[in-house]
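Written below as structure tokens is the structure these notes are about.
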């Protein structure tokens, strides 16, 4: 199934947005809806890092080019939960259009 | 999960003189090891182990030597095609044969200036030893904070390689200028939380290295860019703050070049910039007034953001170069886009055209010069370009270097490595000493064979021109400096490079 054209990155920022934040939004836009919907807030930090697959052995997300700020698990959770709220609000509309 | 290549190799029992897969410099998602790279790795280990045994050397010592490197290049020949690397059968066993091949027996033949070298203040590695991940990994790890920090930087660049001079290259860090009470901050106070390499630190370490050496071994860049100080109310550049920082970086830090990342936004303006926009032009003019006319610009390797990612495309080089013919622009990574994380299918994913040898966004950079033959102030830099392509596919390295030289000229291609991401740069140095473009590609694509004179220019003479380094004076001074004496003692005492690449790869299993 074709993935809808998600645009979490283009939404009004829900907090002051650094370049890392902008790129993290884009990172979630590239995540399939099927994958995103398997996220559970109850995942432990270790389970979350394994679930995503792109964390480094230093417990930060390998987010390309974001050299001025690390994405730790707390930042990741903040953004993914916001992203889920965004997708829940637009899924029906975007899926119809896709 | 991603781990550092050196840690992966230790866990797998691999000790290879050349990286056996492309490592990520944190500017792209690491790609899987390809089948051919796996074959190369296996051959290096088998042949290297056998060769070391024949010479009654430890494998560790053998793999740390130029003999091990010769074995590694032969392994690439066996997998990627005979004759890619000119390696004599005797070279895995005779150091004299290797030295003859690489330098014609003239040690120090090439004066090597690495314009893209990095260390960190250990910020990005965090509290690794105490992390849950480290506790659970089950094998011995080095302290990577140390591995990537300044002392190891000096060791791997100067003791473990033939590099004569380094340019400590910047990252997108913006300095804090003043305390809440208006006091001007100094040194570490200026470092924003999480920042890894602010301008003051690069300058301090440049000076420290040169004072220790008793000669000029290091130059440094400054990170200031047109979107670092921003008036958020008017959404315009804060010119006063920018000038204050510009003067500090030029006059106090005595930087040698700017380092720009158009696609980054450390001031949280919500956007990046382009080389040919008004703010960049204003910055260039202000810098010109203060005598600083060298701009090193990251292009290529970018990120996923629709808003920011495209700003790393080198299309903006054209107008900036035309408008500022007295300013030099060194384009880092030769604008290699490297967008795909795909391992096997990299050529197709980067729009490689076998008829022209072009690929993303390198083609855009080549087109700037093709369209404007009069442009003489643009210099493709080859850090994480030449070494990436050599590891990924040596034929692509021939196209990349062949096009750079054919289009911009051997007097405009600049040596850089992006080390320490790749560990000590010695493997890349020996790779380029051996490097040649095949007869077939020369005939089909109009590339020229790379001469020793070309290599001398690329290795250091071009950078020397850009950075006003007197190579003849340096050739006299460096052999007598303290750093060279330390190096000789280190080598006499059996010092060896450790073949550790510090960039990221996927953890197996």
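Numbers below:
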item: Condition check for residue B:38: surrounded by fewer than 16 Cβ atoms within 10 Å (Cβ to Cβ), within 30 Å of residue A:53 (Cβ to Cβ) and without any contact (Cβ under 8 Å) to a residue 40 or more places away in the chain; result: yes
item: Options A:74, A:35: the member that is at pLDDT 95 or above, loosely packed, with under 11 Cβ neighbours inside 10 Å and assigned to a helix (DSSP H, G or I); result: A:74
item: Given (1) more than 18 Å from the chain's Cα centre (by Cα); (2) in a helix (DSSP H, G or I), number of the condition residue B:447 does not satisfy; result: (2)
item: Condition met for residue A:91 (in contact (Cβ under 8 Å) with a residue 60 or more places away in the chain and either within 14 Å of chain B (Cβ to nearest Cβ) or buried (at least 18 other Cβ atoms within 10 Å of the Cβ) (or both)); result: no
item: Criterion (within 12 Å of chain A (Cβ to nearest Cβ) and in a loop (DSSP other than H, G, I, E, B)) met by exactly one of B:29, B:3, B:18; result: B:29
item: Single condition residue B:335 does not satisfy, out of (1) in contact with a strand residue (DSSP E or B) (Cβ under 9 Å, 6 or more places away or on another chain); (2) within 13 Å of chain A (Cβ to nearest Cβ); result: (2)
item: Residues located in the stretch B:228-270, provided they are at the interface with chain A (Cβ under 10 Å from one of its Cβ atoms) and closer than 16 Å to residue B:298 by Cα; result: B:261, B:263, B:264, B:265, B:266
item: Yes/no for residue B:173 being assigned to a loop (DSSP other than H, G, I, E, B) and crowded, with 21+ Cβ neighbours inside 10 Å; result: yes
item: Boolean, residue A:43 is more than 11 Å from every other protein chain (Cβ to nearest Cβ), over 30 Å from residue B:197 (Cα atoms) and surrounded by fewer than 21 Cβ atoms within 10 Å (Cβ to Cβ); result: yes
item: Which listed residue is within 14 Å of chain A (Cβ to nearest Cβ), more than 16 Å from residue B:224 (Cβ to Cβ) and modelled with pLDDT under 95, from B:299, B:307; result: B:307
item: The listed residue being farther than 22 Å from residue B:346 by Cα, surrounded by fewer than 23 Cβ atoms within 10 Å (Cβ to Cβ) and modelled with pLDDT of 95 or more, out of B:70, B:52; result: B:52
item: Residue check for residue B:142: more than 14 Å from chain A (Cβ to nearest Cβ) and either at pLDDT 90 or above or in a loop (DSSP other than H, G, I, E, B) (or both); result: no
item: Tally of residues being within 11 Å of residue B:93 (Cα to Cα) and touching a residue at least 40 places away in the same chain (Cβ under 8 Å) across the stretch B:49-64; result: 1
item: Wholly enclosed helices (runs of 4 or more DSSP H) of the stretch B:452-507 bearing at least 2 residues touching a strand residue (DSSP E or B) at 6+ places or on another chain (Cβ under 6 Å); result: B:462-467
item: Lone unmet requirement of (1) away from every other protein chain (no Cβ under 11 Å); (2) surrounded by 14 or more Cβ atoms within 10 Å (Cβ to Cβ); (3) assigned to a loop (DSSP other than H, G, I, E, B) for residue A:68; result: (1)
item: Meets criteria (out of contact with any strand residue (DSSP E or B) (no Cβ under 8 Å at 6 or more places or on another chain), closer than 26 Å to residue B:28 by Cβ and either modelled with pLDDT of 95 or more or crowded, with 22+ Cβ neighbours inside 10 Å (or both)) for residue A:79; result: yes
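Here is a yes/no grid of residues against (1) surrounded by fewer than 18 Cβ atoms within 10 Å (Cβ to Cβ); (2) part of a helix (DSSP H, G or I):
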| residue | (1), (2) |
| --- | --- |
| B:203 | no, yes |
| B:212 | yes, yes |
| B:221 | no, no |
| B:225 | no, no |
| B:242 | no, yes |
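The values are calculated or read from the model by the stated rules, or taken from the named source; none is laboratory data. Note that this is a predicted model, so its numbers are computed, not measured. Every residue, glycine among them, receives a Cβ derived from its backbone with ideal geometry; neighbour counts consider all protein chains shown.
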